[in-house]
Amino acid sequence: MQRSLIIKLSSAVFVFGAWEIAGRIPVSYAFPTFIDSMAALARMSLDGSLLAAYGETLQPLVVGLIISAFAGIGMGLAIGLNAKSEWLFSPIFIVMQAAPLAALIPILVMAYGIGLTSKVAVVCIMAMPVIVLNTSSAVRNTPVSMKEMATSFLATKRDVLLKIVIPAASPVIFSGLRLGVSAGFIGAILAELKITPTGVGDIITYSRSIADYASMYAAIFSIIVLAVVFLNLLEKLENILFAGNNRGYVSD
Amino acid sequence: MYLFGRRLPNMSSLIFWGLLWEVVGRLGISFFIPPLSEIFITLFEIIGTPAVLKALGETSYAFLMGVFYAIFIGIPVGILMGQNRLIDELLLPWVNIFLSAPLTALVPVLMVLFGFGMTSIIITTTLFAIWIIILNSRAGVKQINRSLVEMARSFGASPFDAFFKIYFWAALPEIIGGVRIGLIRAVKGVIIGQLLISVVGFGALFELYSSNFLMAHFWAVLVLLFALAFTLAECLGWLEKRVSYYASSR
Amino acid sequence: MSQIKPLHMAEPAIPDIAVSVMDVSKNYGSVEALKNLSLEFPRGELTSLLGPSGCGKTTLLKIIAGLLPATAGKIEVNGVAVEGPGDDRAFVFQDFALLPWATVLRNVAFGLELRGVAKAEREDRANTYIKNVGLEGFEQSYPHELSGGMRQRVGLARALSVDSQVLLLDEPFSAVDEQNRRKFQEDMLELVATEQKTFIFVTHSIEEAVYVSDQIAILLPRPSRVSEVIRPTGFRHKDVANIRRDTEYLDIVDRIWSSLRNYVE
């Protein structure tokens, strides 16, 4: 335990140290030192501008993710449980999963303007496919013997769905949600950089235009840290919620 | 899905959606949705034009270069991480961070550091693809069956032999899996890079078409792009199955 | 051949039949898995279905369970035709089929839960059977915290708790280690003696089949048919510890092996 902590810390010190040195040389006029960037981060956190920015940035992210979660899980269940809806809908999401959906942004802007709607739509198209595909494959891959077990003990179709299929699928559905959140972050930032600069995207764009690179790096640093910390918490939660859920079969 | 006792092919519902699109387009419900037939006609008109060929060329170049770096840096780093505990412990947290980080946020940094052009797009592409390749190569080496390595050693294999005759091949299914996912991510990376640095490739084309409200042109390019991306993904999936035939039985 | 068990000594030579399989065939497409298979399972006894892999013994068991439909033929349990799963039969799965997200208690009570038994009553009954299979103290454990042998005890308790007349066991001990398997086999003999149920037991182990069975049906593959039914008589009443030394036991094991050895690839 001690050893891994020491290694993690020294790895962090090494990387941030390299950043500091590279900033001092400097490798580029647009490369501030680590300390300058952290100072800018502290300044923006203290004067409240960062908090206000996140208030704006998180809005489309949260709305988009809630919509994607409900619509995505619903669609995934439909695809996983019903052959007709699988035939009808799954190709769309398979193509969406492979396609660079970011290319739809200009159309979304034309259709919905530069407001919140477009940004929510961007988050949705980025986050939804992985949620749908994870849910549908989780539902389809319910262990056959568990379904047979329930059937042999006289379970109704509804019992099988509620007591076997959905609980068995929930770990994979949850990790689909986590991947959806990850993609949603990409979408939210993309929307702010591409559609209209608001929130954190505004800090990034504005400080770049006035060559305040320390603030720009600080804003980028903060959003990456936020996303990574949040996703890690989700993963921890997943491990707690579904401890042992993937084990307990004969294969281990 | 069965119809009249016949099994409908897997992706055949796309034909249904295409027809629906055509009808919606014909009805003129929305300016943003021109009939699909018009989109395809436009696609055939513009596909040979210098502007589209240039965009395709630039995008392919950025994609291939980005993927090249991702693969030739990613695989060795991953294998090294799988074999050496110290390197693994030093690098793994960073790989995990960048795997889940919203990399779009880094594009502005690349723009100020490497300029408004091809270099930044290539680096964006690499950044999107490399982390999963590293992670999968690492996992591939980590899962190698101990008895396989011990077998090689008991027959007196040199470290060199062990690496090329055992490690690489035993980890290959995972490595290929990582490269497949990495390539799909790279497609997204190259487009996101071009959207944000919209002076090259399809980014410039999108800008041109959308500012002139050339809907059919815009959709034609999108259809082309999606079709290419999907074909690539399917080919890679097929390739992975061919190469990884022994993955399940080892 | 009349002596089946000491208990039944005074009863007629033809035992009462609990389950009968009549001319059952099963085709998968053009592949014939079972062909015109007929077999009878006497009440209160343990019958093993023994055969090389691919002989369709699990298929037959799942057809009896009502999990698979037969292509042709008929199954009767207590004179009633089988048309699907029913509360007269309970199944024990090779891979245990426990719910990984549920405690031992809920897993054992799950069959009763599906039959709509109230929570207090089903947990009460589950607790009895948890005790019977020797898992007292593990009621609140999860399957991944148990060993393979303990997991199968959960599966067994679940099947016993619904109190069905017929117990169907699909290679129940094949994923359990050797020592646990031996303990299970001894427990099986005791269960058969005490539970007044009909056991249908699929296994690929000759020794296991001869050790636990009142009747052994040898199935041969492609397409599957019953080649022979053996009823061990001499050692059923003996102490469990002495069965494996009994000459009849050894003779039967030998005889089965010599008829099956040609089918081993």
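Values for this structure:
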{"read-out": "Proxy reagent accessibility, fewest Cβ within 10 Å first, across B:LEU19, C:LEU67", "value": "B:LEU19, C:LEU67"}
{"read-out": "Simple spin-label estimate for A:ARG24 and A:ALA42 in nanometres, 7 Å along Cα-Cβ", "value": "1.8 nm"}
{"read-out": "Likely footprinting exposure, C:GLU195, C:GLU136, B:GLU240, B:GLU174, fewest C-beta neighbours within 10 Å first", "value": "C:GLU136, C:GLU195, B:GLU240, B:GLU174"}
{"read-out": "Amide proton proximity set for C:ILE17, modelled H, under 5 Å, gap of 5+", "value": "C:ARG43"}
{"read-out": "Shape box of chain A [Cα atoms, principal axes, largest first, Å]", "value": "72, 55, 30"}
{"read-out": "Value of Rg to Rh for chain C (Rh from inverse mean 1/r over Cα pairs, i.e. Kirkwood)", "value": "0.96"}
{"read-out": "Value of Rg to Rh for the stretch C:181-265 (Rh from inverse mean 1/r over Cα pairs, i.e. Kirkwood)", "value": "0.97"}
{"read-out": "Peptide-level mean, for A:161-171, of C-beta atoms on other protein chains within 10 Å", "value": "2"}
{"read-out": "Calculated FRET efficiency for the pair A:VAL144/C:ASP246, C-beta based, R₀ 51 Å, to 0.05", "value": "0.80"}
{"read-out": "Theoretical gain in end-to-end length, B:LEU172 to B:PHE32 [0.36 nm per residue, Cα-Cα removed]", "value": "45.9 nm"}
{"read-out": "Counted charge near C:ASN78, where neighbours are those whose Cβ lies closer than 13 Å (Asp, Glu -1; Lys, Arg +1)", "value": "-2"}
{"read-out": "Angle between chain A longest axis and helix A:213-241 axis [Cα atoms, degrees, rounded to 10]", "value": "20 degrees"}
{"read-out": "Reachable lysines from C:LYS26, criterion Cα separation under 28 angstrom, eight or more residues apart if same chain", "value": "A:LYS147, A:LYS157, C:LYS35, C:LYS57, C:LYS62, C:LYS74, C:LYS197"}
{"read-out": "Label point distance in nm, A:GLN59-C:VAL80, each placed 7 Å from Cα along Cα→Cβ", "value": "6.5 nm"}
{"read-out": "Computed label-point distance, nm, for sites C:ASP163 and B:ASN84 using a 7 Å Cα→Cβ extension", "value": "6.8 nm"}
{"read-out": "C-alpha long axis of helix A:166-194 to longest principal axis of chain A, angle in °", "value": "30 degrees"}
{"read-out": "Phi to ³J(HN,Hα) by Karplus 6.51 cos²θ - 1.76 cosθ + 1.60 over the stretch C:202-215, Hz, x for Gly, Pro", "value": "9, 8, 10, 9, 4, 4, 4, 4, 5, 5, 9, 8, 7, 8"}
{"read-out": "Between 0 and 90°, nearest 10: helix B:36-46 axis offset from chain B longest Cα axis", "value": "80 degrees"}
{"read-out": "Stretchable slack from A:PHE70 to A:ASP212, in nm (0.36 nm times residue separation minus alpha-carbon distance)", "value": "47.1 nm"}
{"read-out": "Built amide H within the under 5 Å cut-off of C:SER25, gap 5+", "value": "C:ASN36, C:LEU37, C:THR71, C:ALA72, C:GLY73"}
{"read-out": "Exercise: per-residue mean of other protein chain Cβ atoms within 10 Å, B:93-101", "value": "6"}
{"read-out": "Proximal aspartates and glutamates to B:LYS142, defined as alpha-carbon separation beneath 19 angstrom and excluding residues fewer than eight positions away on the same chain", "value": "A:ASP252, B:ASP88, B:GLU89, B:GLU150, B:ASP161, B:GLU174"}
{"read-out": "Where only alpha carbons of the stretch A:160-199 are counted, the Rg and the Dmax (Å)", "value": "16.2, 49"}
{"read-out": "Efficiency of FRET between C:ARG222 and C:GLU195 - r from beta-carbon atoms, R0 60 angstrom, step 0.05", "value": "0.95"}
{"read-out": "Helical mean residue ellipticity (222 nm; -39500 (n - 2.57) per DSSP H run of 4+; nearest 500) of the protein assembly as shown", "value": "-20500 deg cm²/dmol"}
{"read-out": "Alpha carbon Rg of the protein assembly as shown, scaled by the compact-globule rule 2.2 N^0.38 Å", "value": "1.18"}
{"read-out": "Vicinal HN-Hα couplings computed from phi for the stretch A:114-127 (Karplus, 6.51 cos²θ - 1.76 cosθ + 1.60; Hz; Gly/Pro x)", "value": "9, x, 4, 3, 4, 5, 4, 4, 4, 4, 4, 5, 6, 8"}
{"read-out": "Cβ-placed point charges (K, R +1; D, E -1), dipole of the stretch B:50-246 about Cα centre in debye, nearest 20", "value": "320 debye"}
{"read-out": "Under the Karplus curve 6.51 cos²θ - 1.76 cosθ + 1.60, θ = phi - 60°, whole-Hz ³J(HN,Hα) for the stretch B:19-32, x wherever Gly or Pro sits", "value": "5, 4, 4, 4, 5, 4, x, 5, 5, x, 5, 9, 4, 7"}
{"read-out": "Peptide ranges A:149-155, B:25-31 listed from the most packed, as the mean C-beta count within 10 angstrom indicates", "value": "A:149-155, B:25-31"}
{"read-out": "At 0.890 mPa s and 25 °C, Stokes D of the stretch B:50-246 from Kirkwood alpha-carbon radius, µm² per second", "value": "134 µm²/s"}
{"read-out": "For residues of B:220-229, the mean tally of beta carbons on other chains within 10 Å", "value": "3"}
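FYI, it's all coordinate maths here, none of it is from the lab. All figures in this text were calculated on a predicted structure; none of them were measured in a lab. Using ideal geometry, Cβ is built from the backbone for each residue, glycine included, and neighbour counts are taken over all protein chains shown.
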